[in-house]
1. Within the range 255-264, identify whether any single residue is surrounded by fewer than 21 Cβ atoms within 10 Å (Cβ to Cβ), modelled with pLDDT of 85 or more and not in a helix (DSSP H, G or I), and answer yes or no.
2. Is it the case that Glu228 is at pLDDT below 90, touching a helix residue (DSSP H, G or I) at 6+ places or on another chain (Cβ under 7 Å), of a type in the set (D, E, K, R) and in the same structural domain as Glu200 (by TED's automatic domain parsing)?
3. Under 8 Å between Cβ atoms, at least 6 apart or on separate chains: pull out the pairs that start in the range 1-14 with a residue that is farther than 17 Å from Gly127 by Cα and end on any residue that is surrounded by 10 or more Cβ atoms within 10 Å (Cβ to Cβ) and at pLDDT 75 or above.
4. Can you name the number of the only condition in (1) at pLDDT below 80; (2) under 27 Å from the mean Cα position of the chain (by Cα); (3) not basic (Lys, Arg) that Tyr199 fails?
5. Please specify each residue of the range 15-67 satisfying the condition of being acidic (Asp, Glu) and part of a helix (DSSP H, G or I).
6. Looking at the range 115-131, which of the residues that are under 25 Å from the mean Cα position of the chain (by Cα) and surrounded by fewer than 16 Cβ atoms within 10 Å (Cβ to Cβ) is farthest from Gly71 (Cα to Cα)?
7. Out of the residues in the range 307-336 meeting the condition of being over 23 Å from Arg271 (Cβ atoms) and either in contact with a Ser or Thr (Cβ under 9 Å, 6 or more places away or on another chain) or among the basic types (Lys, Arg) (or both), tell me which one is modelled with the highest pLDDT.
Amino acid sequence: MRLARKDYILMLIQTTAWISLWLIPPLINFLVSFDQKSTFDILKGNGEFLAPLALIYFLNYFLLVPSLLLGRSRKWFWGVNLVLVISNVCRIFYPLPVLPDTMRAGLYMGVFAVLLMNALVVVSAVGARYAIRWNEMQITLKEEKQRNAEAELAWLKNQLNPHFLFNTLNNISSLVQIDQDTAQESIGQLSDLLRYTLYESNHELVPVEGEIEFMSNYIELMRLRCNELATVEVDLQVPPKPMRIVPLLFISLIENAFKHGVNSRKSSFVRIRFKAEGDDLVFTCENSDHPKPDVNRSGSGIGLENLRRRLDLAYPGRYRYDQELRENSYFVQITLRDCL
């Protein structure tokens with residue numbers, strides 16, 4: 001339906017252009033002289049001159065260019081057009097009138113001008129058809145890129161779920177050694193988290209409220225591993241108006257904040273904030289810098305790579321990613337624009 005409407009609009013524009021070429025000269029004559037007879041003569045003569053040109057144009061546009069030129073029968077295309085152009089020129093000038101030598105140059109120039117005009121009509125039809133073909137190819141290419149981006153985004157999200165499960169189970173395994181009762185409660189929290197990742201996050205976008213609840217539960221689960229030396233500050237604000245977001249977007253940053261920012265033997269902090277600023281969403285995470293030794297391979301960095309690629313695919317040109325290694329802390333802020 002979209003293509004049919006587009007073709008209809010293009011046909012209307014082209015028809016209007018030819019009708020305008022036919023009507024404008026007699027209309028100007030009438031406005032200048034108010035002579036109905038001369039206006040009618042110009043209308044008739046202009047119509048007799050333009051009608052074959054319009055026929056050549058639309059014959060090329062609808063038949064010759066699509067079936068012959070674009071169909072790789074170029075010799076036939078140019079041969080048919082040569083016959084059409086010469087026939088139209090002969091219709092106007094044949095037989096050539098007998099004129100004095102002083103006027104023959106003007107006659108030959110007239111023949112050349114009409115011949116050139118016919119050629120320009122053919123070239124215009126070819127150009128219009130190629131412009132439409134190029135535009136259709138660009139639309140097709142854009143749709144193909146969109147499909148590929150959606151497929152890659154789905155793959156990245158499916159990749160994140162087992163990665164998230166692996167790291168969360170590692171956290172609970174550590175809790176079992178510290179406090180079995182608390183670990184049992186944490187398994188219940190993990191059940192809620194997994195229910196969200198398996199069912200709610202299957203959608204392309206989810207309400208921000210659900211994502212905030214998910215992050216809160218995950219932070220509480222991570223907080224249980226912290227001792228009295230660690231300070232965890234969380235400020236997750238629900239937007240005043242409904243907004244939607246790509247699911248599980250910030251979980252890798254939260255995970256890394258606790259992984260690299262909390263040390264059981266040193267003073268540590270994790271600060272996580274999330275809020276709306278107009279139509280934008282801003283996530284901020286800052287943590288003390290206590291990087292793990294290289295021999296510690298809990299996590300492969302896949303989460304952050306996944307995050308950057310998902311941002312590129314889901315918010316192209318609509319996000320800002322700022323990160324900074326400060327004196328004793330690591331800071332990252334992500335701004336998502338137009339999330340209504």
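The values are calculated or read from the model by the stated rules, or taken from the named source; none is laboratory data. For clarity, every value in this text was computed on a predicted model and none was experimentally measured. When we count neighbours, we look across all protein chains shown, and the Cβ atoms used for this are built from the backbone with ideal geometry, even at glycine.
1. Checked against the condition, which is being surrounded by fewer than 21 Cβ atoms within 10 Å (Cβ to Cβ), modelled with pLDDT of 85 or more and not in a helix (DSSP H, G or I), the range 255-264 yields at least one hit.
2. Details: at pLDDT below 90: yes; touching a helix residue (DSSP H, G or I) at 6+ places or on another chain (Cβ under 7 Å): no; of a type in the set (D, E, K, R): yes; in the same structural domain as Glu200 (by TED's automatic domain parsing): yes.
Criteria not met by Glu228.
3. Taking only residues 6 or more apart or on different chains, not a single pair turns up.
4. The single condition Tyr199 does not satisfy is (2).
5. Within the range 15-67, the subset acidic (Asp, Glu) is 35, 41, 48.
Those that are acidic (Asp, Glu) and part of a helix (DSSP H, G or I): Asp41, Glu48.
6. Ala131
7. Taking the range 307-336 and keeping what is over 23 Å from Arg271 (Cβ atoms), we get 309-310, 312-318.
Still in the running and either in contact with a Ser or Thr (Cβ under 9 Å, 6 or more places away or on another chain) or among the basic types (Lys, Arg) (or both): 309-310, 318.
Numbers: Arg309: 84, Arg310: 85, Arg318: 92.
Per the stated criteria, the residue is Arg318.
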